[in-house]
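Have a look at the structure below, then the notes.
The values are calculated or read from the model by the stated rules, or taken from the named source; none is laboratory data. The model shown is predicted, which means the values in this text are computed figures rather than measured ones. Counting neighbours? That spans all protein chains shown, and the Cβs are built from the backbone with ideal geometry, glycine included. Heads up: the accessible areas ignore ligands, DNA and RNA and are worked out on the full protein's heavy atoms, side chains in. Shrake-Rupley method; radii C 1.70, N 1.55, O 1.52, S 1.80 Å.
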Amino acid sequence: RAVALILVLCVSGMRAETARYSVPEEAERGSFVANIAKDLGLTGEELLARQARLVPEGEKQYLQLNQHTGDLVVGERMDREELCGQSEPCLVRFEVLLESPLQSFRAEVRLTDINDHAPVFLNKEIVLKIPESAVPGTRFLLESAHDPDVGNNSLQHYSISSNEYFLVYTRRRSDGRRYAELVLDRALDREQQAEVAFSITAVDGGTPPRSGTALIRVVVLDINDNIPVFTQSLYKVSVIENSSQDTIVVIVSASDLDAGTNGEIVYSIFQNSEENLQTFKISPETGQIRLKKPLDFEEKKTYEIDVQATDGGGLSTHCKVEVQVKDVNDNAPEVIITSLTSTLSEAAPPNTVVALFNVRDRDSGDNGRTTCELTGEQPFRITLLAADAYALVTSETLDREQVEEYNVTLRARDEGSPALSASKTLLVRLLDVNDNAPTFTQAVYTMVMSENEPAGRSLGRLNATDPDAGENARVRYALVPPPTGTLAAASFVSVDAESGTVRSLRPLDYEKVPAFEVTVRAADGGSPPLSAQAVLRVVVRDENDNAPVLLHPAPESSAAGELVPRWAPSGYLVAKVVAVDADAGQNAWLSYELAKATEPGLFRVGLQSGEVRTARAVTERDAARQRLIVLVRDRGQPARSATATLAVALVDDFSDAFHQLGHDPASGQQPQVAEEEMLTTYLIASLCCVSSLFLLSVLVLTASTLCKARVRAELPPPSPSCYADGDFDGVGVGSTGTLSPAYRYEMCLTSGSGRSEFQFLRPILP
């Protein structure tokens, strides 16, 4: 059964835990290891909802996590000897990653050894040459058996089959491995027995135990009474890792007092380890030990070599060489990304986790001590979670409109000399948030449309921009409904929602709507949408679609009657033609001209004022009745016009004026009924005037002299006597449109006529 131990450690809001489990090696696929959900205090539903997954430390995934039950099971059979060799403990490390929120849990599974290997001798037959002079108690080193298992399952002891001469003892090295020493128990006699053969058995401590056997053949030599002697029984040397092939490690030396072939020494590496044979070689003649291949401190730190020196007579001795491998900074740090959020919302608050990563350096000491940093100025920082475990988090608020994506470079550097470093670049893209409202390029848009322009014509285009992206930057236009009770200007134009094109909905009359304003809104497609407003002002361009309209004389009268005294000098004001034009600008600029007259040289018309004046003094030769046609024209393209007809009577007094007006050819064209009505009106007016004059004559008699003098000063002679000054004023005509200021007319009564009446003689100019 697996045993789990959870060490709880909270760092920066992340749980840096180390959960330890164990499972036998070679366990079948699907074998239960532990229930992670129970150990983490979570349910299977929570594991599934938070998308729990395993991240192995190495490249291969040996374990699997059932997200429904939380069970950790074996995903692939694991051979402890293949993964870890002789190292103990043998650990398979991994991390458990949870999302929402992002959390990381460290865990390791220890592979417990099973007794799946038996001890094996490299040589099935071991030959020893022992002189017959060897004394009892002499020890001989035997070749060791190799068992890749560890602990109790490794090689525990040696035994030999029954014989008369030798015993075997099991010895233990400093690294814990066991080896056999053969001890001579009884003196040899070559003459009695030249060779002794027996078997040696290596037994491990497994249940059941496994064993390996080899045959030992002892050849008894003739007397060679001196054995080689090493200058040192233990040689300790150190070699820098990555030293090249054939580098000299050490030179061992032995001497033999014998002479001849019995004194010739041959060196060899004793076969106590296959790894030693693959790594080192020795010169038989000189004792130089060289490298067969470069050493790697990260794979093995210490080697123990047994060297044997044998003389020509077959006598041998051995020494031990301990080789310490010195570490050099030959491994750059590794940046291992365990979790990465490649897309990040620009609204993410500071300290949001972007990535989790580990930094690993296979070197030791300062060479394996690492630091981690970011290159460049970016809104991120690195937070230390645990030993060599880091988190990349945001350090400030982000703005996608300024920077859309970041290439974040993580650099890990060790403290070796020279220092080595490694970098890894992460691409972090920012997701847009609708944090920018559209912006109009203008606060007020002014567009022009012609009066009476048909509907559907394009007036212009609105333009608003939004720095956001996607739907958040898609701008749609609309008119803002006007307040209730105001002019429904929104019914005059429309705005295309996509393009912002403004089009007219109906023809407009400048005289009714010279200009109007509407409010337009630009809204983006975000949720919730953001908007901005601008003012759209549409100016209606006037067209000359209105002719001048006569105010005086009234257009319904056939001809207006005006009286001019015979004594009128040049420039005498006869009448004023007043007209207005509903258009604007030059379409409403009116000009007056005399189109037709009985005597063209007698009258002239003011071009801008419309005043009809005498062009010269009136003479007796001039016809008593004059007919004038005044043309009023605007300056539009094309121009529009109207005509006014004036009937002018040249008179000496009221009686004559009545007589002439009564026989005016123009008036003769009117119906008889109209003449009778006019005559009745004049008679009633005359009666009223005579009665009024009779009552007022006494009052004004004393002032008549002064009145006459005043009238003569203002009017050219001959002027009719003025019986009242300022007592009867005409009604002022207020200016409307293009009308001139109001005129006030003075009324004077004349005498010496058989019929009393009054007439408007001329305006009183200011």
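Mind listing the long-range amide H neighbours of GLN232? Cut-off is under 5 Å, sequence gap 5 or more, other chains count too, H placed in the peptide plane at 1.01 Å from N.
For GLN232, whose amide H was placed from the backbone, the distant partners under 5 Å are SER253.
With the Cα gyration tensor of the stretch 422-556 giving a ≥ b ≥ c as the square roots of its eigenvalues, does the rule (a/c under 1.5 for rounded; else a/b larger than b/c for prolate; else oblate) give rounded, prolate or oblate?
Values: a/c = 4.34, a/b = 3.44, b/c = 1.26.
Because a/c hits 1.5 or more and a/b exceeds b/c, the stretch 422-556 counts as prolate.
Which of the lysines could a cross-linker bridge to LYS124, judged by Cα under 29 Å and excluding same-chain residues fewer than eight apart?
LYS281, LYS292, LYS293, LYS300, LYS320
If you build the Cα gyration tensor of the stretch 125-221 and take the root of 5 times each eigenvalue, what three semi-axes come out, in whole angstrom, biggest first?
Working: eigenvalues 152, 34, 20 Å².
They are 28, 13, 10 Å, listed largest first.
Looking at the P(r) of the stretch 108-176, how many percent of alpha-carbon pairs lie beyond 18 Å?
Numbers: 1244 of 2346 pairs.
Of all Cα-Cα distances in the stretch 108-176, 53 percent exceed 18 Å.
Per the Kirkwood definition applied to all pairs of different Cα atoms, how many angstroms is the hydrodynamic radius of the stretch 334-430?
Taking the inverse mean of 1/r over all distinct Cα pairs, the stretch 334-430 comes out at 14.0 Å.
Provide the convex hull volume over Cα atoms per residue for the stretch 70-142, in Å³. All intermediate terms of the calculation are to be shown ahead of the outcome.
On the way: hull volume 10.6 nm³, N = 73.
Residue-normalised Cα hull volume stands at 145 Å³.
In terms of the Cα gyration tensor, with a ≥ b ≥ c the square roots of its eigenvalues, is the stretch 141-192 rounded because a/c is under 1.5, prolate because a/b exceeds b/c, or oblate? Mind dumping the intermediate values first?
Details: a/c = 3.39, a/b = 2.69, b/c = 1.26.
Cα axes put the stretch 141-192 in the prolate bin.
Quick one: in the stretch 17-126, what % of C-alpha pairs are over 16 Å apart? Working shown, then result.
On the way: 3637 of 5995 pairs.
The answer is 61 percent, as a whole percent.
Computed FRET efficiency, Cβ-Cβ of GLN232 and SER162, R0 45 Å: what is it to the nearest 0.05?
On the way: r = 38 Å, r/R0 = 0.84.
With a Förster radius of 45 Å, E is 0.75.
About its Cα centre, how strong a charge dipole does the stretch 334-430 have in debye, to the nearest 20, once Lys and Arg get +1 and Asp and Glu get -1 at the Cβ? Don't jump to the answer; show the numbers that get you there.
Numbers: 9 positive and 15 negative charges, 49 e Å.
With only Lys, Arg, Asp and Glu charged at Cβ, the dipole is about 240 debye.
Semi-axes of the equivalent ellipsoid of the stretch 549-651: what are they in whole Å, largest first, if each equals the square root of 5 times a C-alpha gyration tensor eigenvalue? Let's see the in-between values first.
Details: eigenvalues 140, 34, 21 Å².
Each semi-axis is √(5λ); the values are 26, 13, 10 Å.
7 Å from Cα along Cα→Cβ at both LEU505 and LYS129: what's the point-to-point distance in nm?
Reported label-point gap for LEU505 and LYS129 is 12.1 nm.
What are the radius of gyration and Dmax of the stretch 239-382, computed over its Cα atoms and given in Å?
Just the Cα atoms of the stretch 239-382 yield Rg and Dmax of 26.1, 92 Å.
Using +1 on the beta carbon of Lys and Arg, -1 on that of Asp and Glu, and nothing else charged, what's the dipole of the stretch 229-326 about the Cα centre, debye to 20?
Details: 9 positive and 15 negative charges, 57 e Å.
I would put it at about 280 debye.
Given R₀ = 25 Å, what would the calculated FRET efficiency be for SER421 paired with SER395, taking r from the Cβ atoms and rounding to 0.05? Before the final figure, lay out the partial values.
Values: r = 22 Å, r/R0 = 0.89.
For SER421 and SER395, the calculated efficiency is 0.65.
FRET efficiency for GLN193 and THR170, Cβ-Cβ distance as r, R0 = 30 Å, nearest 0.05? Walk me through the numbers on the way to the answer.
Numbers: r = 26 Å, r/R0 = 0.87.
Approximately 0.70, to the nearest 0.05.
Can you tell me what percent of all Cα-Cα pairs in the stretch 525-578 are more than 12 Å apart? Working shown, then result.
Details: 1166 of 1431 pairs.
The calculated P(r) of the stretch 525-578 puts 81 percent of pairs beyond 12 Å.
Provide the per residue accessible area, probe 1.4 Å, for the stretch 538-623, rounded to a whole number of square angstrom. Don't jump to the answer; show the numbers that get you there.
Working: 3770 Å² over 86 residues.
Accessible area per residue: 44 Å².
Any chance you could run the full-extension gain for PHE32 through ILE223? It's 0.36 nm times the residue separation minus the Cα-Cα distance, nm to one decimal. All intermediate terms of the calculation are to be shown ahead of the outcome.
Numbers: separation 191, 0.36 × 191 = 68.76 nm, distance 6.54 nm.
Between PHE32 and ILE223, full extension yields an extra 62.2 nm.
For the stretch 26-83, compute the orientation-averaged projected area of the C-alpha convex hull (one quarter of its surface), in nm².
Details: hull surface 16.5 nm².
About 4.1 nm², averaged over all directions.
Using only Cα atoms, what is the ratio of the radius of gyration of the stretch 476-586 to 2.2 N^0.38 Å? Could the numbers behind the result be given before it?
On the way: Rg = 25.2 Å, N = 111, 2.2 N^0.38 = 13.2 Å.
Relative to the 2.2 N^0.38 Å estimate, the stretch 476-586 comes out at 1.91.
Highest mean first, how do 190-199, 612-621, 142-151 rank when packing is the count of other Cβ atoms within 10 Å averaged over residues? Could the numbers behind the result be given before it?
Working: 190-199: 13.0, 612-621: 14.9, 142-151: 21.1.
Output ranking for 190-199, 612-621, 142-151: 142-151, 612-621, 190-199.
I want to make sure I understand the PRE zone here: with the label point 7 angstrom from the Cα of SER87 toward its beta carbon, which residues in the stretch 24-62 have backbone N atoms less than 15 Å away?
57-60
Taking a point 7 angstrom from the Cα of LYS300 along the C-beta vector, which residues in the stretch 252-293 have backbone N less than 17 Å away?
269-282, 289-293
Under 16 Å from a point placed 7 Å out from the Cα of ARG474 along the Cα-to-Cβ direction: which residues of the stretch 490-506 have their backbone N that close?
Only 497-500 pass the distance filter.
For LYS512, go through the aspartates and glutamates and keep the ones whose alpha-carbon is under 15 Å away, minus same-chain ones fewer than eight residues off.
Within reach: GLU451, GLU453, ASP542, GLU543, ASP545, ASP581, ASP583.
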